[in-house]
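S.K.: To start, I am sharing the structure in question, which I have written as structure tokens.
The values are calculated or read from the model by the stated rules, or taken from the named source; none is laboratory data. The model shown is predicted, which means the values in this text are computed figures rather than measured ones. Because the Cβ atoms are built from the backbone with ideal geometry, glycine has one as well, and the counts that use them run over all protein chains shown.
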């Protein structure tokens, strides 16, 4: 592992994860230490998870519970990183490919963590429906937006031009959509195509075009959509 490729922010995450293990007298440094260090402070990872409508307070609390439940071994000052921890850091270098980044950043470590299967963090990710693909998709969206708008955050820029309907649906701000199931299903079928996947809603003002989009947002929040549409965000 070439630590010179880690940015200063990424190195702080590595150091914090090791410090957490030492302070907690854990028997080894694991993915949970890395996980906790990555999300304890507000950063681009938290920004992305907010965009994905993850309940940050609840999510952080579940990671803390997992951390608190790690076995401790007082009296032994030798604590070593386990194989999973080392692999996550080693593979984080792969995540900078195609991003335009020249060094490993905290978000690359997080992506590498998301790629691991059957580790303690996996159950937490599943609970909050945080997947490698959904996080990377949102991350690339932010990076692309930053390239176009150097002076503002993604969410702030988008909210200048519309409403985040998925967030409104999650917060119960949208009225139930009744009698539009067929139109919503038709829109979902079009959106799920590999090509020609742009549904067009045509009609006079007041006929219910927005209700169809709001109904789709509610289905996304309820996970009542195909895998390809899960975790997607609708701005209107």
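S.K.: Looking only at the stretch 19-57, which residues are more than 18 Å from the chain's Cα centre (by Cα) and surrounded by fewer than 18 Cβ atoms within 10 Å (Cβ to Cβ)?
M.R.: Once the filter is applied, which keeps residues that are more than 18 Å from the chain's Cα centre (by Cα) and surrounded by fewer than 18 Cβ atoms within 10 Å (Cβ to Cβ), the stretch 19-57 yields 19, 22, 23, 24, 25, 27, 28.
S.K.: Answer yes or no as to whether residue 198 is outside any helix (DSSP H, G or I), over 25 Å from residue 128 (Cβ atoms) and within 26 Å of the chain's Cα centre (by Cα).
M.R.: Spelling it out, residue 198 is indeed outside any helix (DSSP H, G or I), over 25 Å from residue 128 (Cβ atoms) and within 26 Å of the chain's Cα centre (by Cα).
S.K.: Does residue 216 fit the bill of being out of contact with any strand residue (DSSP E or B) (no Cβ under 6 Å at 6 or more places or on another chain), assigned by the TED database to the domain that holds residue 167 and farther than 11 Å from residue 166 by Cβ?
M.R.: no
S.K.: Of all residues in the stretch 101-121, which are over 15 Å from residue 38 (Cβ atoms) and out of contact with any strand residue (DSSP E or B) (no Cβ under 9 Å at 6 or more places or on another chain)?
M.R.: 101, 102, 117, 118
S.K.: Out of 160, 127, report the one residue that is modelled with pLDDT of 90 or more, farther than 24 Å from residue 12 by Cα and exposed (fewer than 15 other Cβ atoms within 10 Å of the Cβ).
M.R.: 127
S.K.: Can you report the number of residues in the stretch 114-129 which are farther than 14 Å from residue 88 by Cβ and assigned to a helix (DSSP H, G or I)?
M.R.: 4
S.K.: Would you check if there is a residue in the stretch 130-142 being modelled with pLDDT of 85 or more, outside any loop (DSSP other than H, G, I, E, B) and exposed (fewer than 15 other Cβ atoms within 10 Å of the Cβ)?
M.R.: yes
S.K.: To continue, here is another question. Just checking, does the stretch 181-190 include any residue being assigned to a loop (DSSP other than H, G, I, E, B) and either within 23 Å of residue 228 (Cα to Cα) or out of contact with any strand residue (DSSP E or B) (no Cβ under 9 Å at 6 or more places or on another chain) (or both)?
M.R.: For the stretch 181-190, residues assigned to a loop (DSSP other than H, G, I, E, B) and either within 23 Å of residue 228 (Cα to Cα) or out of contact with any strand residue (DSSP E or B) (no Cβ under 9 Å at 6 or more places or on another chain) (or both): absent.
S.K.: Is the stretch 217-233 home to any residue that is touching a residue at least 12 places away in the same chain (Cβ under 8 Å), assigned to a loop (DSSP other than H, G, I, E, B), more than 21 Å from the chain's Cα centre (by Cα) and surrounded by 14 or more Cβ atoms within 10 Å (Cβ to Cβ)?
M.R.: no
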